[in-house]
Amino acid sequence: MLKDYDQKLSIHTSNRSKPAKQPPLYYQYEATPYPILHELFSTYKLKTTDHFVDFGCGKGRVLYYVHNYFHTSVTGIEINEQLYQKAKKNKMNYLKNVNSNHGAINIRYCRAEDYKVKKRDNIFYFFNPFTIQIFKKVIRNILFSIAKNPRNVDIILYYPETTYTNYLKTETSFQLIQKIKVPHLYEINPKEHFLIFRYNC
């Protein structure tokens with residue numbers, strides 16, 4: 001399925017290449033498997049008016065999947081220059097070969113905590129890209145943006161770290177609204193699930 005989807009989207013996003021060296025407090029790139037993305041987005045639906053942000057987007061797999069599936073504007077944030085360049089190359093190939101007259105695709109080369117959250121950004125995806133120290137800074141930036149431009153915002157966590165979930169539950173106004181278990185994997189490993197947190201204005 002991985003190969004088929006990469007071919008369908010005209011991108012290359014596997015984890016097989018040599019790991020790129022990451023700065024301190026940031027973790028190695030690992031793409032969310034396509035079957036697992038399918039499970040998430042079969043249940044959790046986006047609208048064309050949504051703006052989806054992937055922190056630690058790597059080569060951009062989630063961005064192009066979401067853009068193609070929902071015709072939604074997407075933004076990827078990546079601190080690793082090697083991965084950023086691969087995401088940009090994937091963007092060029094995707095736009096050239098896929099009918100993509102949909103929302104915008106933006107890829108930013110910066111530290112996650114330095115990204116200035118836009119007033120249109122309302123869905124944020126995390127697959128454990130960095131330590132809790134960085135996560136807290138990013139969430140504070142999101143909350144600051146909400147205070148300036150009130151709106152409903154969702155946080156999607158895949159394979160969620162306890163430190164992430166505890167912080168959202170005890171130190172923020174985000175509420176857990178949904179848990180999506182990955183069939184067949186959750187029974188073996190209880191961390192194989194998604195948690196959706198929402199801030200309601």
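The values are calculated or read from the model by the stated rules, or taken from the named source; none is laboratory data. Keep in mind the model is a prediction, meaning the values are calculated, not measured. So basically every Cβ, Gly included, is an ideal-geometry build from the backbone, and we count neighbours across all protein chains shown.
At a glance:
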| item | result |
| --- | --- |
| Residue that is assigned to a loop (DSSP other than H, G, I, E, B) and either in contact with a helix residue (DSSP H, G or I) (Cβ under 7 Å, 6 or more places away or on another chain) or among the charged types (D, E, K, R) (or both), where the choices are 136, 118 | 118 |
| Residue in segment 124-141 that is basic (Lys, Arg) and in contact (Cβ under 8 Å) with a residue 40 or more places away in the chain present | no |
| Residue within segment 130-150 that is over 26 Å from residue 79 (Cα atoms) and among the β-branched types (Val, Ile, Thr) present | no |
| Positions within segment 45-94 being in contact (Cβ under 8 Å) with a residue 60 or more places away in the chain, of a type in the set (A, V, I, L, M) and farther than 22 Å from residue 153 by Cβ, in sequence order | 83 |
| Pick from segment 22-56, criterion of a type in the set (Gly, Ala, Ser) and at pLDDT 95 or above, ranking: nearest to residue 71 (Cα to Cα) | 42 |
